[in-house]
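Enquirer: Here's a structure for you.
The values are calculated or read from the model by the stated rules, or taken from the named source; none is laboratory data. Predicted model only: the values in this text are computed from it and were never measured. All Cβ positions, glycine included, derive from the backbone under ideal geometry; neighbour counts span all protein chains shown.
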């Protein structure tokens, strides 16, 4: 059985989400915008899901906009704000590309200035630089709650205080996609005006997300057509996806404390074992508060692309946490912003745990990673021998992890 250690990319569907979606996948087909009884049933399911999501995110139900995922939610916040209220956009250098690329699209298409805020060597946004970059002209500030690569928790409450003081007219957006599985976003994101989440990061289905409004924010929609979502996001609702998202978020919130304790212990054992068993391996942002499921290291003398191929053969599903362009690995923009060299950044390995992670996953990774690194470096690994490559199919994996 493979060790799935890529939960930050997507997490297996929770049983509760699958069960909630079942009726809408097995015959429920109403369009929530209609007026007949079948349409009304679909609309009722949407509004009940909206109540659940709103409660978990600490907003009023009318302030939840359902989207096609975290990327659309980020784009709606960034581009929607830039179109509605012209002015500079201030974004941290370590944002997800859904924010960075949206901001630079506004710059390219409409001439909107983008002010990029640097970070410290441990992956925390530079608060002094943020304050210096803000003034009354700024339209939007975007700082993610948890970094998607290294997992660092950002000081969003302090960010909010600086924004209110230096740019009181700006809207503050936070990409909470990686935070939602592990933290109370209603509490930690209380200072933000706009909050983005994505269902498949916390055991919901792929292809559905939400943008939550804590306060009134003027935005232009990205999609035009019908009046859905109070004319903020046109298009027929994904009823099954939205219902599944609400079920997954409710379970995640209810089980969060226990899940964090269990997964953090697994992560800590994994990290400690990697540092001991694999020479010249270093934890990124060591000593900082990170999401409990994030284990991110850099490994000297190894390129992530080759390492991931070997790990996949050993049955360990992981990622580098960096972008891939034209089939070649590029240095992570997050790590280069933190001061890592291109060579160091190309040796990054992101192992992320979640609700389906087990002790057996950690055991396999602690055998496979040292063996794969040693193979790439051209000598035998220390300690236990390499695990034999395993044979499996996507169908078997999905069934085992669901």
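Let's see how each residue does on (1) over 17 Å from residue 208 (Cβ atoms); (2) over 23 Å from the mean Cα position of the chain (by Cα); (3) in a helix (DSSP H, G or I):
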{"position": "8", "(1), (2), (3)": "yes, no, no"}
{"position": "24", "(1), (2), (3)": "no, yes, yes"}
{"position": "39", "(1), (2), (3)": "yes, yes, yes"}
{"position": "43", "(1), (2), (3)": "no, yes, yes"}
{"position": "48", "(1), (2), (3)": "no, yes, yes"}
{"position": "74", "(1), (2), (3)": "no, no, yes"}
{"position": "105", "(1), (2), (3)": "yes, no, yes"}
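Enquirer: Let me ask something else about it. So which residues in the stretch 157-184 are under 26 Å from residue 10 (Cα atoms) and surrounded by fewer than 24 Cβ atoms within 10 Å (Cβ to Cβ)?
Expert: 183, 184
Enquirer: Let me confirm something: among 194, 222, which residue is touching a residue at least 40 places away in the same chain (Cβ under 8 Å) and surrounded by fewer than 21 Cβ atoms within 10 Å (Cβ to Cβ)?
Expert: Going through 194, 222 in turn, just one is touching a residue at least 40 places away in the same chain (Cβ under 8 Å) and surrounded by fewer than 21 Cβ atoms within 10 Å (Cβ to Cβ): 222.
Enquirer: Taking the residues in the stretch 5-49 that are buried (at least 20 other Cβ atoms within 10 Å of the Cβ) and touching a strand residue (DSSP E or B) at 6+ places or on another chain (Cβ under 6 Å) as candidates, determine which candidate is nearest to residue 65 (Cα to Cα).
Expert: Ranking the qualifying residues of the stretch 5-49, first place goes to 8.
Enquirer: Mind listing whichever residues of the stretch 89-108 are in contact (Cβ under 8 Å) with a residue 24 or more places away in the chain and surrounded by fewer than 17 Cβ atoms within 10 Å (Cβ to Cβ)?
Expert: 97, 105
Enquirer: Does residue 160 count as over 16 Å from residue 285 (Cα atoms), free of Cβ contacts under 8 Å to residues at least 40 places away in the same chain and either out of contact with any strand residue (DSSP E or B) (no Cβ under 9 Å at 6 or more places or on another chain) or assigned by TED's automatic domain parsing to the domain that holds residue 70 (or both)?
Expert: Considered against the rule, which asks whether it is over 16 Å from residue 285 (Cα atoms), free of Cβ contacts under 8 Å to residues at least 40 places away in the same chain and either out of contact with any strand residue (DSSP E or B) (no Cβ under 9 Å at 6 or more places or on another chain) or assigned by TED's automatic domain parsing to the domain that holds residue 70 (or both), residue 160 comes out as yes.
Enquirer: With the condition kept exactly as written, say whether any residue in the stretch 181-188 is over 16 Å from the mean Cα position of the chain (by Cα) and more than 23 Å from residue 148 (Cβ to Cβ).
Expert: No, the stretch 181-188 has no match at all.
Enquirer: Sticking with this structure for a sec: Would you be able to tell me the number of residues in the stretch 376-389 that are at pLDDT 55 or above, in contact with a helix residue (DSSP H, G or I) (Cβ under 7 Å, 6 or more places away or on another chain) and in a loop (DSSP other than H, G, I, E, B)?
Expert: So the count comes out to 3.
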